[in-house]
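Novice: Mind having a look at this structure? Questions to follow.
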Amino acid sequence: MLKTMRKCAHFSRHLEATMPGISIQLDGIHIATINLSGMDVVDVSAHGALDQNPKAALGAMGGNYAEGGCGHLIWVSDQTLLPGEVLSVKLNAACDSSDQGKTIQELFPDDEPCTQTDFTINDEMAAEIRARPRLHDEFAVQVETSQGQRAVAVSNEHNTSFSFGVLWDFTRPTQARVRLTTHCLNDVLARQTGTNHFEAILSFGDSASFMLAR
């Protein structure tokens, strides 16, 4: 038992000393590198909808939400993704250098601090969302991992938005979860998960790519 505890403690210290990182590239060009040391959760996502511009956008955010933690940080805020551009997200075993995340106040210094605590969608808000015009006729998105797993999702009358995400959290520091879903308006209004098209796990050295095909 004591020997096992010593091995676990050694692994924990080693992991802390070589805390992993997430690197983000777009068509092979560096976008951001996130050091996961001290983070509770980090989420890199691409999302879009037929009634929104841009058609697809990249976001990367996370933080440490415990007392004394860094709070909520943003590395990428709604960066436009064009059709054909390849977004690559890689989980690295060690992060030698990283980009500094920014708070909402640092990114948007002229905005008033948000005091809203209730984000329930009422009937009036739902009616406004339903009345939004379609800005795009269709979408098709592709996801692939370095392990060779692939998935494609296309829009239809029941699926008018999409979400691709790579999610890391401190409870599984050597892994990141990949997911691709599409949603209809009723899913969005009800805050439901929608239709799941793809799930995978990234280990150290693995990556996942996303592309808006059309």
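Novice: Which label belongs to the value computed from this structure, given these candidates for Rg and Dmax of the Cα atoms in Å: [x] 17.9, 55; [y] 25.1, 97; [z] 18.9, 65?
Specialist: Only one option fits the structure, namely [z].
Novice: Near the amide H of Val86, under 5 Å away, which other amide H atoms are found, from residues 5 or more places off or on another chain, if H is placed in the peptide plane?
Specialist: Under 5 Å from the amide H of Val86: Asp27.
Novice: Which one, Thr171, Thr103, Thr193, has the greatest fluctuation when you compute a Gaussian network model over the chain with C-alpha springs under 10 angstrom?
Specialist: Maximum fluctuation in the GNM of the chain, among the listed residues, is at Thr171.
Novice: Ok, one more. Please report the net charge: other residues with Cβ closer than 13 Å to the Cβ of Val41, K and R +1, D and E -1.
Specialist: -1
Novice: Please list, in order along the stretch 172-183, the HN-Hα scalar couplings obtained from phi with the Karplus expression 6.51 cos²θ - 1.76 cosθ + 1.60 (θ = phi - 60°), rounded to whole Hz, x for Gly and Pro.
Specialist: Each residue's phi maps through the Karplus curve to give 9, x, 9, 9, 9, 9, 10, 8, 10, 9, 10, 9 Hz.
Novice: With every protein chain kept in the model, how would you rank His136, His72 by accessible area, 1.4 Å probe, largest at the top?
Specialist: Ranked from most to least accessible, the order is His72, His136.
Novice: Under 5 Å between amide H atoms, partner at least 5 residues away or on a different chain: which partners does Gln52 have, H built in plane at 1.01 Å?
Specialist: The answer is Leu135.
Novice: From the helices alone, meaning DSSP H stretches of at least four residues, give me the mean residue ellipticity at 222 nm for the chain, per-run term -39500 (n - 2.57), in deg cm²/dmol to the nearest 500.
Specialist: It lands at -4000 deg cm²/dmol.
Novice: Just flag the trypsin sites (Lys or Arg not before Pro) in the stretch 51-151 sitting in loop per DSSP whose Cβ has no more than 11 other Cβ atoms within 10 Å.
Specialist: Answer in residue order: Arg134.
Novice: While we're looking at this one, here's another question. Modelled label-to-label distance, Ala131 and Thr193, 7 Å Cα→beta-carbon offset: nm?
Specialist: Distance between the two pseudo-spin positions: 3.4 nm.
Novice: Something else now. When the chain is modelled as a GNM with alpha-carbon springs shorter than 10 Å, which of Leu91, Leu202, Leu135 fluctuates the most?
Specialist: Leu135
Novice: Right, here's the next one. Report the gain in length on full extension from Ser37 to Phe204: 0.36 nm times residue separation, minus Cα-Cα distance, nm rounded to one decimal.
Specialist: Extending this stretch completely gives an extra 58.6 nm.
Novice: Could you run the Karplus curve 6.51 cos²θ - 1.76 cosθ + 1.60 with θ = phi - 60° over the stretch 79-92 and give me ³J(HN,Hα) per residue in whole Hz, x for Gly and Pro?
Specialist: So the J values, rounded to whole Hz, are 7, 5, 10, 8, x, x, 6, 9, 8, 10, 10, 10, 9, 9.
Novice: To test your reading of the geometry: what angle, between 0 and 90 degrees and rounded to tens, separates the Cα axis of helix 2-17 from the longest principal axis of the chain?
Specialist: 60
Novice: How much accessible area per residue does the chain have, counting only protein heavy atoms and a probe of 1.4 Å, in square angstrom?
Specialist: About 59 Å² of surface per residue is accessible.
Novice: Considering only protein heavy atoms and a probe of 1.4 Å, how much of the accessible area of the chain is carbon and sulfur, as a whole percent?
Specialist: 50
Novice: Assuming 0.36 nm per residue, please report the length gained on full extension of the stretch Arg177 to Asp111 beyond their Cα-Cα distance.
Specialist: 20.5 nm
The values are calculated or read from the model by the stated rules, or taken from the named source; none is laboratory data. What you are looking at is a predicted structure, and each value in this text was computed from that prediction instead of being measured. No Cβ is skipped: glycine too gets one built from the backbone with ideal geometry, and neighbour counts run over all protein chains shown. These area figures cover heavy atoms from the full protein model, side chains too; ligands, DNA and RNA do not enter into them. Shrake-Rupley method; radii C 1.70, N 1.55, O 1.52, S 1.80 Å.
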